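Data block below; observations after.
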Ligand SMILES: Nc1ncnc2c1ncn2[C@@H]1O[C@H](COP(=O)(O)OP(=O)(O)OP(=O)(O)O)[C@@H](O)[C@H]1O
């Protein structure tokens, strides 16, 4: 029997002859006269089987690694982002290392206390990055869920100034605001701890997943959100009298929905640390809410908050995102982005008011009067001159009047909590309905 040809053993099945023909002595041979012994054939089969097993193993390992990473990131289950936890923890820890000033946790009234280390040990999932820093959802070992905002290189004065400002913000408590529950201050790290809002932001419920199959935000819910947000902002404006506290960053990502779908104003009082950037085309999505008198970098006031709130009402009415409206080349925007109030004014001037409203609202009956009423409030809030704008306390009353004639439950879809997570404190007061 001829010895196996090594080149044949090393070859793949595709290099085998399509057909073998018996030679004179009855042995098989390859077309082109290369001989193939049974041993060689067995060696090829075993070799190829080994390669197949190896490739399968590699593929298995690759897909398992991907799957388990997704599980950790919460995409395939409820586990939290481990990588974020490491980034978040290690950086926060660094501030507590020798050579750094050891910071301290400060808690406000009625809050279950925990140590910084508890917070650092918590599983963290990034919620998003904003102008002031990065927000995380953190689940503490005892099951409490909090939102942690890690302030980025904020222009925070000294420790005393920061602590005084936090003391003002931490005192504020109302069913329509997201309360600051605690903070951590160290030279290299500033963390703010808030109640976690499980139902996301108005931005998400209004603009997320637009398109066929999406459940639209019904009219009664929009009106309820407008009323709740107005109450929250009016409370912020009146809470520190005679000091005129401003929010400074009213926009739909800062109107959060609690577990009952109640609107809560978040992120108030932080603009003192990070002044708004100039209104250029590259400005962030908050630019569409900025009052004209603040565009040159002038100071934010309660009246500029009212303007931003008016834009928010227009957003609820039109379903359009103020910083991403297609202006059809008509100009009148911030560096190419349309100015929603001016677009609405021009449409109303042409007596095409019905064109303003979100098409998704057309399915609800008998709401025209209420929509026009809210539109009038929005236009008053976005008046060019700050003096012409109403106060937030007046806005609350006007929205309540509209809601007095509203109230057909058939408009309301209801709002279910998406999380049963316990929060740091239990609000005992009744929220705005
Ligand atoms: N307490 C909270 N509970 C639940 N989600 C939150 C909470 N705070 C913030 N978020 C969400 O985290 C994301 C990032 O928020 P963040 O406030 O850092 O940025 P932003 O609102 O986009 O911009 P800005 O910093 O200008 O306010 C947003 O989607 C926001 O809705």
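The values are calculated or read from the model by the stated rules, or taken from the named source; none is laboratory data. It should be emphasised that the depicted structure is a prediction, and the values quoted were computed from it without experimental measurement. Ideal geometry is used to build each Cβ from the backbone, glycine not excepted, and the neighbour counts take in all protein chains shown.
Quick notes on this structure:
- Enumeration of residues in the range 17-64 that are in contact with a strand residue (DSSP E or B) (Cβ under 9 Å, 6 or more places away or on another chain), modelled with pLDDT of 50 or more and assigned to a loop (DSSP other than H, G, I, E, B): 36, 37
- For the criterion of being at pLDDT 80 or above, farther than 17 Å from residue 188 by Cβ and in a strand (DSSP E or B), residue 105 fails.
- With respect to the conditions (1) closer than 18 Å to residue 139 by Cα; (2) within 13 Å of the ligand (Cβ to nearest atom), residue 183 lacks only one, and its number is (2).
- Hits in the range 186-206 (condition: away from the ligand (no atom under 11 Å from the Cβ) and surrounded by fewer than 18 Cβ atoms within 10 Å (Cβ to Cβ)): 187, 188
- Test: residue in the range 312-325 that is assigned to a loop (DSSP other than H, G, I, E, B) and at pLDDT below 60: yes
- Filtered residues of the range 179-229 (kept if more than 19 Å from the chain's Cα centre (by Cα), at pLDDT 90 or above and part of a strand (DSSP E or B)): 181, 182, 183
- Top-ranked residue of the range 230-248 - restricted to ones that are in contact with a helix residue (DSSP H, G or I) (Cβ under 6 Å, 6 or more places away or on another chain) and within 16 Å of the ligand (Cβ to nearest atom), ranked as modelled with the highest pLDDT: 233
- Out of 131, 157, sole residue that is under 18 Å from residue 270 (Cα atoms), assigned to a loop (DSSP other than H, G, I, E, B) and free of Cβ contacts under 8 Å to residues at least 60 places away in the same chain: 157
- Test for residue 152: is it away from the ligand (no atom under 16 Å from the Cβ) and surrounded by fewer than 23 Cβ atoms within 10 Å (Cβ to Cβ): no
- The range 155-177, subset under 23 Å from residue 257 (Cα atoms) and within 15 Å of the ligand (Cβ to nearest atom), residue surrounded by the fewest Cβ atoms within 10 Å (Cβ to Cβ): 173
- Taken together, the residues in the range 254-273 that are outside any loop (DSSP other than H, G, I, E, B) and surrounded by fewer than 20 Cβ atoms within 10 Å (Cβ to Cβ) amount to 0.
- Some residue of the range 286-303 being assigned to a helix (DSSP H, G or I), at pLDDT 95 or above and within 28 Å of residue 246 (Cα to Cα): yes
- Inclusion of residue 329 among residues that are part of a helix (DSSP H, G or I) and at pLDDT below 90 is not warranted.
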